[in-house]
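Worksheet: one structure, shown below.
Coordinate-derived values only; no laboratory data. Not measured: the values here are computed from a predicted model. All Cβ positions, glycine included, derive from the backbone under ideal geometry; neighbour counts span all protein chains shown.
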Amino acid sequence: MPHRSNARPAQPFLKWAGGKGQLLAQYEAFFPTNPGGTYFEPFVGSGAVFFHLQPRGLFKRYVLSDSNAELVNLFRVVRDQPEALLEHLRQHAERHSAEYYYAVRARDRSPDWSAAPALERAARMLYLNRTCYNGLWRVNSQGHFNVPQGRYRNPDIYRPERIRAASRALQTVEIDVQRFDAVLDQAQTGDFVYFDPPYVPVSDTANFTSYEAEVFGEAEQRRLAEVFATLAARGCRVMLSNSDTPLVHDLYAGFRIERVLARRAINSKAVRRGPVYEVVVLSE
């Protein structure tokens, strides 16, 4: 698909817990300015940082990945089949109701779900993302999506220009299902790696790590810190977002740590939603 300079700039097409759109202005001072190397984002989420940096043409190659196979499938379908995806979304939008939402949500309980076509899976994920409570993607231990319907009068399900813009931005991008530490097999001196993992919980009741069936706990946080240090020693430029907690400060004590102020949108109690400090860890 050819690049059109007058086309709409790409933006995230997903709502995502912890999405970084609101923090991009604060992140500007931390992003690379010299061109060259490869851009890696092993926890792609909504891809807000990728979509922000990609138009600048700083990198020769882009590799987006995540261990969430449904998320990776959606990114690939947006890249490769945007018009077919839009047709599926149009049909979802026309049929949307509470009854329809829960029928679509239950689709992953069906015996044949593992064999469902990539296009069906992608359209389902995006439809549920646009219509569920707070855009929260959460699954149970069986990997079944279990978020209730959101209270939207007119949910924005069919967004052709956003899907097409994202597809253009993703055309030459590698998109893989893999663990975050697989980046060690590829990243080299001069590459830029941005990590946006599930955050260390700030309290015993704030744990939100279930966007896939496997929990991202303290052992995974410690492994991530080892990967960060290995990449930094290799000469990669590494940046990581996480919560402003003692564990994070301890894990990255040898690196530069900056605080940024974010708006917390997802909490079971409305009074606890609001500005909160997070940290950015930098290898240089």
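Under the criterion of Cα pairs below 8 Å and six or more residues apart, the relative contact order for the chain equals 22 percent. In terms of surrounding Cβ atoms within a 10 Å radius of their Cβ, W113, W16 rank from fewest to most as W113, W16.
Computed from backbone phi, the HN-Hα couplings of region 229-238 come to 5, 5, 5, 4, 5, 6, x, 7, 8, 10 Hz, rounded to whole numbers (Karplus: 6.51 cos²θ - 1.76 cosθ + 1.60, θ = phi - 60°; Gly and Pro given as x). Axis of helix 82-95 versus longest Cα principal axis of the chain: the two differ by about 50°, to the nearest ten degrees. The Cα trace of region 1-107 gives Rg and Dmax of 16.4, 52 Å, the first to one decimal, the second as a whole number.
Only Cα pairs under 8 Å and 6+ residues apart enter the sum, and on that basis the relative contact order of region 76-161 stands at 34 percent. For helix 160-170, what angle does its Cα long axis make with the longest principal axis of the chain, in degrees from 0 to 90 and rounded to 10? Helix 160-170 sits roughly 40 degrees off the main axis of the chain. At a Förster radius of 22 Å, what calculated FRET efficiency corresponds to the Cβ-Cβ distance of V202 and R256, to the nearest 0.05? FRET efficiency, V202 to R256: 0.55.
Remark: region 76-161 carries a charge dipole of roughly 320 debye about the Cα centre, counting +1 on each Lys and Arg Cβ and -1 on each Asp and Glu Cβ. If the chain linking V276 and D181 were pulled fully straight, counting 0.36 nm for each residue of separation and taking away their Cα-Cα distance, it would gain 31.4 nm. For the chain, the equivalent ellipsoid derived from the alpha-carbon gyration tensor has semi-axes of 30, 23, 18 Å in decreasing order.
Helix 69-80 and the longest principal axis of the Cα set of the chain meet at an angle near 80°. Using only DSSP helix segments of four residues or longer, with each worth -39500 (n - 2.57), what per-residue ellipticity at 222 nm results for the chain after dividing by its residue count and rounding to 500? Calculated at 222 nm, the ellipticity per residue is -9500 deg cm²/dmol. Note on region 29-86: with charges restricted to the Cβ of Lys and Arg (+1) and Asp and Glu (-1), its dipole about the Cα centre is near 280 debye.
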